[in-house]
Amino acid sequence: MPELRSIPLTHQEGVYGVVDFNGDIDDDNVISFDYDAQYQMLTYDIPVGKDWRGMTLYNVPEDDLIRTLCAVYGKDRKLKSITAILSGRKTLLYIYYKNEAHAKREIQRFAVRNADAIIEQIRQCTDVVARLFIEYYMDSETIDYHAVIGTAAQMEAVMQTGLYEDSCDYAGNYPSENIEGDNQMLIAMVRCAESHPCENFRYAVEIMSKHIEKHALSALHKTEEFKYICAEYD
């Protein structure tokens with residue numbers, strides 16, 4: 001199996017895999033990877049402005065990573081992105097932003113696409129819906145953004161438990177599965193931007209939540225007491 005080599009930040013324009021790089025690279029001008037085979041964990045640092053920011057990916061199949069890793073360089077010789085097909089899904093490891101405005105545009109475009117993917121799944125619900133929840137969370141390594149549907153029948157069951165007055169307004173009381181887009185892509189998009197990751201995440205959350213509200217709610221068969229609830233959890 002080929003070695004997981006460092007990826008230079010500047011190189012001849014083109015698309016490259018791990019086998020296209022050798023060990024004779026300036027260690028101060030590369031993205032170097034550390035792979036833990038026992039836990040299938042990939043850690044590496046990325047350039048963000050004048051600093052470097054740590055990245056961690058979990059459940060990374062080593063063979064997939066080495067076989068499909070792809071580094072793209074532009075005409076200016078700068079590294080534009082690193083991706084890999086992990087467990088059958090294209091995963092973004094790094095993306096280069098020219099400046100803050102460029103980062104905002106790219107995050108906005110992705111946020112709309114990600115929201116559309118969630119909306120498509122929400123629209124498949126044919127039950128009468130009493131609640132649509134958006135839940136989100138971020139820490140130093142993890143990002144989560146998902147929707148949860150609460151049907152009228154499920155809400156009736158929640159009401160019967162009588163746990164507390166507003167039991168119906170908490171997604172965790174409903175048995176529906178989480179509806180997700182691409183949280184792994186979202187992590188890379190917000191952490192590669194120069195502003196603070198939490199600020200970038202909240203920017204994406206606002207775009208996605210408003211887009212879902214605008215385009216998903218009209219397609220649902222809702223009860224009269226329907227609520228759309230967006231909340232951060234811990």
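Quick look at the numbers
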{"read-out": "Stokes-Einstein D in µm²/s, Kirkwood radius over Cα pairs - the stretch 1-90 at 25 °C with 0.890 mPa s viscosity", "value": "181"}
{"read-out": "Cα-centred dipole magnitude for the chain, charges only on beta-carbon of K, R (+1) and D, E (-1), debye, nearest 20", "value": "1040"}
{"read-out": "The chain - percent relative contact order, Cα under 8 Å, separation 6 or more", "value": "19"}
{"read-out": "Of all accessible heavy-atom area on the chain, the percent that carbon and sulfur account for (1.4 Å)", "value": "46"}
{"read-out": "Residue-normalised accessible area of the stretch 60-133, expressed per residue, 1.4 Å probe, Å²", "value": "49"}
{"read-out": "Sum of side-chain charges, Ala219 neighbourhood, beta-carbon under 13 Å (Lys, Arg +1; Asp, Glu -1)", "value": "-1"}
{"read-out": "Tensor-based shape of the stretch 115-174 (alpha-carbon gyration tensor, a/c under 1.5 rounded, otherwise prolate or oblate)", "value": "oblate"}
{"read-out": "Solvent accessible area, Å² - Leu4, 1.4 Å probe, full protein context", "value": "40"}
{"read-out": "Among Ile187, Tyr73, Val48 - extreme Cα towards positive end, dipole of the chain, charges at beta-carbon", "value": "Tyr73"}
{"read-out": "Sequence-distant lysines (8 or more away, or on other chains) whose Cα lies within less than 23 Å of Lys227", "value": "Lys210, Lys214"}
{"read-out": "Positive-end residue, the stretch 85-231 charge dipole about Cα centroid, Cβ charges, pick of Thr142, Ile229, His102", "value": "His102"}
{"read-out": "Between the stretch 204-220 and the stretch 22-76, the alpha-carbon center distance in angstrom", "value": "34"}
{"read-out": "Rounded if a/c under 1.5, otherwise prolate or oblate - the stretch 162-202, Cα gyration tensor axes", "value": "oblate"}
{"read-out": "Centroid-to-centroid separation of the stretch 152-176 and the stretch 1-21 [C-alpha atoms, Å]", "value": "52"}
{"read-out": "Bridge type composition, the chain - antiparallel percent by DSSP, nearest 5", "value": "85"}
{"read-out": "Within straight-line cross-link reach of Lys78, lysines at Cα separation under 21 Å, skipping those fewer than 8 residues along the same chain", "value": "Lys50, Lys98, Lys104"}
{"read-out": "The chain - mean residue ellipticity at 222 nm from DSSP helices (-39,500 (n - 2.57) per run, n ≥ 4, rounded to 500)", "value": "-9500 deg cm²/dmol"}
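The values are calculated or read from the model by the stated rules, or taken from the named source; none is laboratory data. Worth saying up front: this structure is predicted, and the values here are computed from it rather than measured. Every residue, glycine as well, gets a Cβ built from its backbone with ideal geometry; the counts of neighbours run over all protein chains shown. Note: accessible area is taken over every heavy atom of the protein model, side chains too, but ligands, DNA and RNA are not part of it. Shrake-Rupley method; radii C 1.70, N 1.55, O 1.52, S 1.80 Å.
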